[in-house]
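Student: Got a structure for you, questions after.
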Amino acid sequence: MFLSYLECTESAERLETGHLATVSPSGMPLAARYDLDSAGESLSRETFAARPPGLWSLAELLPLADPSDAVSLGEGGTPLLRLPALGSALGLGRLEVKDEALNPTGSFKARGMSVAVSMAKALGARELAAPSAGNAGGALAAYGARAGLPVHVAMPVDVPLANRIEAEACGAHVRLIEGTIADCGGWIREQCEEQGWFDVSTLKEPYRVEGKKTMGYELALQCGWKLPDVILYPTGGGTGLVGMWKAFEEMRELGWIDGPFPRMVVVQATGCAPVVEAFEQGHEAARVPENPHTVASGLRVPTPIGDRWMLRVLRESNGTAVAVDDDALVAGTREIARHEGIFAAPEGGALVAALRELRARDWVRPEEHVVLFNTGTGLKYLECFQ
Ligand SMILES: Cc1ncc(COP(=O)(O)O)c(C=O)c1O
């Protein structure tokens, strides 16, 4: 409806919409840009607030021309829950979690896939493919089934069992590959060239991030249009992080929010922390870690294509980046479960461990409003908790 053009996130070069898009000519992620003046005339924050919760209640700020073409399973509209007991254990007066585990397929990946699959179908893709550390594969399989499009997923051999079973149950062709998501990505790339499948890998098409940005809009609404001081986000490919930042920038342009944006915190596992290392060393791009490993499978992303974009957001937001080891992230998962009854994915548990570290350094102060993004459900990772 209000989508205007696609913009290279590095060079700002503009590309037309209306066809299946991948990356910019220089190989960088593309960002969707809208006619926000017109979109804002048709959707105000009051109209948004009055609609039933859910991702497609933001249709005017999403790329699909006809919202009745949306491939939806009821994604978005997740709760923002207070964490009083965990907050008091960490010495914080206002700690909350946006619980993305309540999405279809049990993770925030549903948001990105709902928009990407809707767009791919509307623009004529016939078969969809992606490499996945786990949850994205399950979500793509589910939305592909809903759309009636064949799906091909490549996952590491040691992917959590639930992710593989879910993808297969939804009819996806699953290929298990020795290695990490980067090796899976190589195989998918080759197959897409040979077979004509459309590649919906993280940030290699521009619309998954549009789905993820809806987390930022919902958060603003749920916080009464005053954003929190600090957001902690478990980071692999980084779409959620850059997506939320994009939402904040759009909302500022729409006149929906003002004031300072939150300080963004990237949380990774010590076994695979390319963004943390690049941030600490002041680099503009990430380097590939040796032997990337962690039980938080969504964080095992050694070569994120959105590294430059993430690092820019971190610096612009006066944020920081923290790595925690596997014992600490599993302990963090148990802690939020015991204190608050939320059985989070280990990626979500990593945030608890990181927040403890940031409190110890006084980087987060007791009076600050802090939001954790629990990106998935612990039920898909039973292997980690035995
Ligand atoms: C539960 C969970 N959290 C976080 C991530 C990382 O997400 P992103 O690629 O948006 O950084 C993933 C990705 O697989 C995931 O499954």
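This table checks each residue for (1) within 28 Å of PRO63 (Cα to Cα); (2) surrounded by fewer than 24 Cβ atoms within 10 Å (Cβ to Cβ); (3) at pLDDT 95 or above; (4) touching a Ser or Thr at 6+ places or on another chain (Cβ under 6 Å).
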{"residue": "LEU95", "(1), (2), (3), (4)": "no, no, yes, no"}
{"residue": "LYS109", "(1), (2), (3), (4)": "yes, no, yes, no"}
{"residue": "GLU127", "(1), (2), (3), (4)": "yes, yes, yes, no"}
{"residue": "GLY138", "(1), (2), (3), (4)": "yes, no, yes, yes"}
{"residue": "VAL151", "(1), (2), (3), (4)": "yes, no, yes, no"}
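Student: Taking segment 239-263, which residues are outside any helix (DSSP H, G or I) and either of a type in the set (A, V, I, L, M) or within 16 Å of the ligand (Cβ to nearest atom) (or both)?
Tutor: If the condition is that a residue be outside any helix (DSSP H, G or I) and either of a type in the set (A, V, I, L, M) or within 16 Å of the ligand (Cβ to nearest atom) (or both), then ILE257 is the only one that fits.
Student: Of these, SER44, SER26, which one is more than 23 Å from the chain's Cα centre (by Cα), under 25 Å from PHE198 (Cβ atoms), surrounded by fewer than 20 Cβ atoms within 10 Å (Cβ to Cβ) and of a type in the set (Gly, Ala, Ser)?
Tutor: So the residue among SER44, SER26 that is more than 23 Å from the chain's Cα centre (by Cα), under 25 Å from PHE198 (Cβ atoms), surrounded by fewer than 20 Cβ atoms within 10 Å (Cβ to Cβ) and of a type in the set (Gly, Ala, Ser) is SER26.
Student: What pairs come out if I take residues in segment 238-259 that are more than 30 Å from VAL301 (Cα to Cα) and pair them with residues that are open to solvent by less than 10 Å² (accessible area, probe 1.4 Å) and modelled with pLDDT of 95 or more whose C-beta lies under 6 Å away, six or more apart or interchain?
Tutor: Pairs that qualify, where the first residue is more than 30 Å from VAL301 (Cα to Cα) and the partner is open to solvent by less than 10 Å² (accessible area, probe 1.4 Å) and modelled with pLDDT of 95 or more, are ILE257/ALA220; ILE257/MET251.
Student: Now for a separate question. Please pick out the residue among ALA337, ALA353 that is more than 14 Å from the ligand (Cβ to nearest atom), open to solvent by 20 Å² or more (accessible area, probe 1.4 Å) and in a helix (DSSP H, G or I).
Tutor: Every option except ALA337 fails the conditions.
Student: What are the residues in segment 307-334 that are in a loop (DSSP other than H, G, I, E, B) and either of a type in the set (Lys, Arg) or within 30 Å of LEU382 (Cβ to Cβ) (or both), if any?
Tutor: ASP325
Student: Now for a separate question. So which residues in segment 358-386 are in contact with a strand residue (DSSP E or B) (Cβ under 6 Å, 6 or more places away or on another chain) and in a helix (DSSP H, G or I), if there are any at all?
Tutor: Within segment 358-386, GLY378 is the sole residue that qualifies.
Student: Something else: Please go through segment 194-238 and pick out each residue that is touching a helix residue (DSSP H, G or I) at 6+ places or on another chain (Cβ under 9 Å), in a loop (DSSP other than H, G, I, E, B) and charged (D, E, K, R).
Tutor: LYS204, GLU205, LYS226
The values are calculated or read from the model by the stated rules, or taken from the named source; none is laboratory data. These numbers were taken from a predicted model, which means no experiment stands behind them. Reconstructed Cβ throughout: ideal geometry from the backbone, glycine too, with neighbour counts over all protein chains shown. To get the accessible areas, we keep the full protein, side chains included, count just its heavy atoms, and leave off ligands, DNA and RNA. Shrake-Rupley method; radii C 1.70, N 1.55, O 1.52, S 1.80 Å.
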